[in-house]
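The values are calculated or read from the model by the stated rules, or taken from the named source; none is laboratory data. Since the structure is predicted, the reported quantities are computational estimates derived from the model, not experimental observations. Positions of Cβ are generated from backbone atoms using ideal geometry, with glycine treated the same way; all protein chains shown enter the neighbour counts.
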């Protein structure tokens with residue numbers, strides 16, 4: 001029997017698995033597919049658009065006690081961020097805080113809490129933005145006044161159809177980087193750094209970016225592009241390898257069809273398999289299955305939303321006409337984004353009366369309901385921060401309970 005089963009391989013599922021592994025738990029990660037990490041920029045955002053997100057979260061906690069940040073607590077957020085920074089160093093990704101904005105492909109800047117070094121390398125106020133001839137995923141003229149386009153060797157006839165991961169694999173080749181640097185260097189004209197779409201290497205981005213910077217003569221930095229996200233893919237691939245190297249039982253491509261309940265506890269999950277479903281048992285279970293877009297919640301055309309694995313009660317509006325605002329780009333977001341399962345400050349699911357439903361079941365990330373309130377981040381603006389804070393809190397609680405139980409059993 002495992003100590004913990006984590007269901008879901010998005011931000012919260014991956015982080016929860018990493019924390020559990022580092023705490024010495026025997027953990028199994030089961031997921032229907034690769035999670036949303038590969039469609040995000042790959043950085044850690046606590047509160048998009050806020051210059052001092054940690055202070056803002058402290059204020060939020062005092063105002064909104066039912067927000068996931070408040071339920072997890074500021075210590076969980078800060079300790080989770082510290083953990084992730086140290087863990088990323090083991091993956092040779094070295095996430096770090098930034099004291100300035102990082103560039104986006106549309107010429108704006110963002111202020112994530114932690115970023116891979118490739119995002120943080122912008123130097124000075126005079127970057128040169130470089131795009132690739134024929135490639136539709138990035139247009140350098142949108143990033144800034146100083147821009148240029150180069151032609152990539154081997155992509156002249158098919159650049160428009162190249163995926164970010166195609167290009168990233170090419171940038172792993174030193175000869176390809178030399179060809180790129182030879183075109184970029186004459187275009188500098190006083191630029192203090194060079195911005196490229198985030199495709200500079202898939203397997204060893206640190207070496208690729210360092211080599212390209214040395215050849216060009218100024219720091220080279222990356223900007224997020226359209227999905228699939230290469231920085232997100234790098235993170236997923238490296239976490240997956242680390243888990244396998246450290247004996248995590250990793251099952252991706254195996255949909256969980258239901259949770260197993262015995263005597264009021266979740267004793268495991270049932271997974272679809274050839275022939276008949278297969279059961280896996282554990283002392284605790286974490287649901288990190290996401291919201292409506294991630295598959296953690298289902299909906300129908302009658303306005304019903306439900307949690308499919310354990311039929312946990314979902315907090316939502318049954319009137320479908322109120323799920324979306326009239327303006328697609330409404331800065332307040334849409335009510336549907338806030339729906340989810342309510343949890344207590346132990347990350348356990350609760351009912352409308354606040355009673356704990358299953359005490360060895362924990363929820364993380366976007367599956368958790370958000371309060372729809374003013375002066376609070378949209379759920380999409382704090383995805384990674386909430387994932388990390390709730391994963392840290394859930395694993396800290398369950399690992400303490402496991403240690404207490406083990407000590408008790410050892411003394412009998």
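Conditions tested, residue by residue: (1) under 21 Å from residue 388 (Cα atoms); (2) free of Cβ contacts under 8 Å to residues at least 60 places away in the same chain.
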position: 262; (1), (2): no, yes
position: 269; (1), (2): no, no
position: 278; (1), (2): no, yes
position: 281; (1), (2): no, no
position: 285; (1), (2): yes, no
position: 297; (1), (2): yes, no
* Structure fact -> Within the stretch 48-71, residues part of a loop (DSSP other than H, G, I, E, B) and modelled with pLDDT under 95 come out as 48, 49, 50, 51, 52
* Structure fact -> If you go through 42, 107, the only one that is more than 20 Å from residue 346 (Cβ to Cβ), assigned by TED's automatic domain parsing to the domain that holds residue 368, assigned to a loop (DSSP other than H, G, I, E, B) and touching a helix residue (DSSP H, G or I) at 6+ places or on another chain (Cβ under 7 Å) is 42
* Structure fact -> Considering residues that are assigned to a loop (DSSP other than H, G, I, E, B) and under 24 Å from residue 400 (Cβ atoms), the number found within the stretch 313-350 is 6
* Would you point out which residue out of 33, 24, 8 is surrounded by 24 or more Cβ atoms within 10 Å (Cβ to Cβ) and more than 11 Å from the chain's Cα centre (by Cα)? => 8
* **Sole exception among (1) farther than 23 Å from residue 283 by Cβ; (2) assigned by TED's automatic domain parsing to the domain that holds residue 342 for residue 80, by number** => (1)
